[in-house]
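Taking it in order: structure first as structure tokens, then the write-up.
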Amino acid sequence: MNAPTGARLSARARVGILVLALLLLGGGATAYTLRAASGRQAAAAGTADAGFTLDGATALYARDTASGRIARVDPSAPGGRVVGGPSCDRFHAAGPTVVCLRKRPGVPARSYVLVLDRRLRELRRIALPGIPSRARVSASGRMLSWTMFATGDSYARSSFSTRTSILDLRTGYLVKNIEQIPLTLGGRRYYAPDVNYWGVTFAADDNRFYATVSTGGRTHLVEGDMRSWSARALRENTECPSLSPDGTRIAFKKRVSDGPREPWRLYVYDLRSGREHPVAERRGIDDQALWTDGNTLAYGYGGAVWSVPADGTGAPRRLAPGASSPAAPH
């Protein structure tokens, strides 16, 4: 006896649903495989994954130590981050602009400076000698600066040399090495063969900048002027300055010991009053601190990114293990 028509239709429907489900699962697996392959290809090429951008983001970004790629710090994500950005050894972002310093393989040491937009599309590539050390973008995204180690690989050593560059994206003008900027030290025009600059930070007007200059075995905070192309020393023992968003304070490394083990402490200097104070981080910080807002500093230490209040209160807090080179693009 034949099965009722309704039963035959129900069986056919079940078979159809099963086939459709298999097709959907197969399609999903294929799409996942293609996305994974695309991510692997992007990682191998050093570029960002499709869909990984800084558009509309207010999150903290950092370099993921394990992969060497830029990641978005996200406590809700596996591992506390979403990795998908380009490969960078140093990284910073502000306004519409991203700067990525990437060491090239081989000897002598050479690197690329990659200028990217917030969608992490490459706008410009500059080949330079040296090892990536510091990187900064002005708040507007117009002015970029980076520092490369020419010899040695640590500011704690006496035998190192740096080359610091400034790029104006509006004009396209690149100063490959700012060492020739006329320097006023102690109220007089200063000349010396050992002048060495590093760690630029820009003011909101895209004209003034602050940096470290080393000469005669001492370091100084200098204020530079792009339009007049001049610089003047403001005070001693101030390294890797980072200007606050309101332009009134500078976070910096202060040398507190002559020994090679943790010789610096992180301080904040008030440009108006001339006063300084240490922050609650008591370990030796060898980094150019980042102002994540007007009250908080972020920095790299011991293979992780940390934060601490800028006013000297509170305590250090770990934001991301296995990370460095924090940036908080707005």
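A few comments on the model shown:
- Computed with a 1.4 Å probe over protein heavy atoms only, the accessible surface of the range 231-325 comes to 44 Å² per residue.
- Extension gain, ASP55 back to ARG261 (0.36 nm per residue minus Cα-Cα distance, nm): 70.1 nm
- Length available on full extension from ARG124 to ARG283: 0.36 nm per residue minus the Cα-Cα distance, which gives 53.5 nm.
- Here the range 160-210 yields Rg over Rh of 0.99, to two decimals, using C-alpha coordinates and the Kirkwood radius.
- Taking a ≥ b ≥ c as the square roots of the Cα gyration tensor eigenvalues, the range 260-330 comes out oblate, since a/c reaches at least 1.5 and a/b does not exceed b/c.
- At most 13 other Cβ within 10 Å, DSSP loop - chymotrypsin sites (Phe, Trp or Tyr not before Pro), the range 57-121: none
- Extension gain (nm, one decimal) between ARG275 and ARG189, 0.36 nm per residue minus Cα-Cα: 28.3 nm
- A DSSP coil position with no more than 15 other Cβ atoms inside 10 Å describes the following trypsin sites (Lys or Arg not before Pro) in the range 215-248: ARG227.
The values are calculated or read from the model by the stated rules, or taken from the named source; none is laboratory data. Predicted, not measured: the structure shown is a model, and the values here were computed from it. Note that we place each Cβ from the backbone using ideal geometry, even for glycine, and neighbour counts take in every protein chain shown. In case anyone asks, the SASA skips ligands and DNA or RNA and just uses the protein heavy atoms, side chains included. Shrake-Rupley method; radii C 1.70, N 1.55, O 1.52, S 1.80 Å.
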